[in-house]
Amino acid sequence: MARHIVNIVVIWVILTVLGALVLTLNFFPATGAEFAKDFNGIFRLLAFMGLPVVTFVFAWVGYSFFAFRARSGEDEGPAFWGRNWVPIVWLAVTAALAITVMIYPGLTGLAKLQADPRGYGWGETGADLVVKVTGFRWSWSFEYPQQGITVNAVQGRELVLPVDATVRFEVNSTDVVHSFWIPAFRMKIDAIPGRTTYMVVRPVVTGSFDDDQAFRVQCAELCGLDHAKMWLPVRVVEREEFEAWVQQMKAQ
Ligand SMILES: [Cu+2]
């Protein structure tokens, strides 16, 4: 038995090291907003914490498939009765990991976003630019009340934002529940009929859908037949380019 345990531990360590190497690669899509980097860090942390658990299961089960398979002519083995301490240790370790991530980065991260005076995340306060977002089956429209323009299915079909400006999205839906998600910003909020929800972000790099597909508005709540097509490109531009775009939209 000791030989088997040594083998499993060796496989476990090798798989974990290989997995850790993969996790050090930069596999993130465009990171386009303030705090988006924090979300990358949180994702990586969770992946690192989950890695040894996953590789332990893979090593144990995978090894057992081969080492303890039935040889030809062999009958089923005797029933196996668990040792009490094994499930207890397993539960204790995985529960400790789960409770840890709920507190950090879960609650601490939420507190950091909500403590920001600009009402980051899901706040209602201060912004340089307001965009009223309406989700409907199956597209989006964007109204810029300060600029007096609207981008809809006929006009524009893209979300244009100035870089280095705090943007407050006021999100609504006309029919069912959608979810307003911009992957490059790592932010998402439900679009609920009859209720306004808020999402505040500050784009920190210019970019467009052509550079990276993470620059898009994507519905992230299954909402019917054409849910998958409910996306529009996002373009983050310099302030002057944004003003020029506003004038161009007004002229239409
Ligand atoms: Cu939708």
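The values are calculated or read from the model by the stated rules, or taken from the named source; none is laboratory data. Note that this is a predicted model, so its numbers are computed, not measured. Cβ sites come from the backbone with ideal geometry, for glycine too, and all protein chains shown count toward neighbours. The protein model used for the area step is the full one, side chains on, heavy atoms only, and it has no ligands, DNA or RNA in it. Shrake-Rupley method; radii C 1.70, N 1.55, O 1.52, S 1.80 Å.
Do the conditions hold for Glu143, that is, is it within 16 Å of the ligand (Cβ to nearest atom), charged (D, E, K, R) and either farther than 28 Å from Arg44 by Cβ or touching a strand residue (DSSP E or B) at 6+ places or on another chain (Cβ under 8 Å) (or both)?
Here the answer is no, as Glu143 does not meet what is asked.
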Checklist entry - From the set of residues in the range 157-167 that are among the β-branched types (Val, Ile, Thr) and modelled with pLDDT of 95 or more, which is most open to solvent (accessible area, probe 1.4 Å)? => result Val163
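This table checks each residue for (1) surrounded by fewer than 16 Cβ atoms within 10 Å (Cβ to Cβ); (2) within 26 Å of Phe28 (Cβ to Cβ).
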position	(1), (2)
Trp81	yes, no
Ala92	yes, no
Thr100	yes, yes
Leu107	yes, yes
Phe136	no, no
Gln147	no, no
Val151	no, no
Phe169	no, yes
Met187	no, yes
Next on the checklist: Looking at Val200, Val217, Val205 in this structure, which one is away from the ligand (no atom under 16 Å from the Cβ), in a strand (DSSP E or B) and either in contact (Cβ under 8 Å) with a residue 60 or more places away in the chain or open to solvent by 60 Å² or more (accessible area, probe 1.4 Å) (or both)?
Outcome noted: Val200
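Has the range 193-216 got any residue that is closer than 14 Å to Val133 by Cβ and among the acidic types (Asp, Glu)? Steps first, answer last, please.
Initially, the range 193-216 is screened for residues closer than 14 Å to Val133 by Cβ, giving 193, 195-201, 216.
Still in the running and among the acidic types (Asp, Glu): none.
No, the range 193-216 contains no residue that is closer than 14 Å to Val133 by Cβ and among the acidic types (Asp, Glu).
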Checklist outcome for this item: Output for Cβ contacts, cut-off 8 Å, separation at least six or different chains, first residue at negative phi in the range 63-83, second polar (S, T, N, Q) and surrounded by 10 or more Cβ atoms within 10 Å (Cβ to Cβ), reads Tyr63/Asn7; Ala67/Asn7
Next on the checklist: I'm trying to understand the selection: among the residues of the range 151-187, which are assigned to a loop (DSSP other than H, G, I, E, B) and of a type outside the set (Val, Ile, Thr)?
Outcome noted: Ala153, Gln155, Arg157, Glu158, Asp164, Ala165, Asp175, Arg186
Checklist outcome for this item: Checked the range 220-252 for anything assigned to a strand (DSSP E or B) and in contact with a Phe, Trp or Tyr (Cβ under 8 Å, 6 or more places away or on another chain); matches are Leu232, Pro233, Val234, Arg235, Val236, Val237
Checklist entry - Yes or no: Pro183 at pLDDT 95 or above, within 16 Å of the ligand (Cβ to nearest atom) and surrounded by fewer than 15 Cβ atoms within 10 Å (Cβ to Cβ)? => result no
Next on the checklist: Of all residues being closer than 18 Å to Glu158 by Cβ and either within 16 Å of the ligand (Cβ to nearest atom) or in the same structural domain as Pro29 (by TED's automatic domain parsing) (or both) in the range 227-247, which is surrounded by the fewest Cβ atoms within 10 Å (Cβ to Cβ)? Just the residue, please.
Outcome noted: Lys229
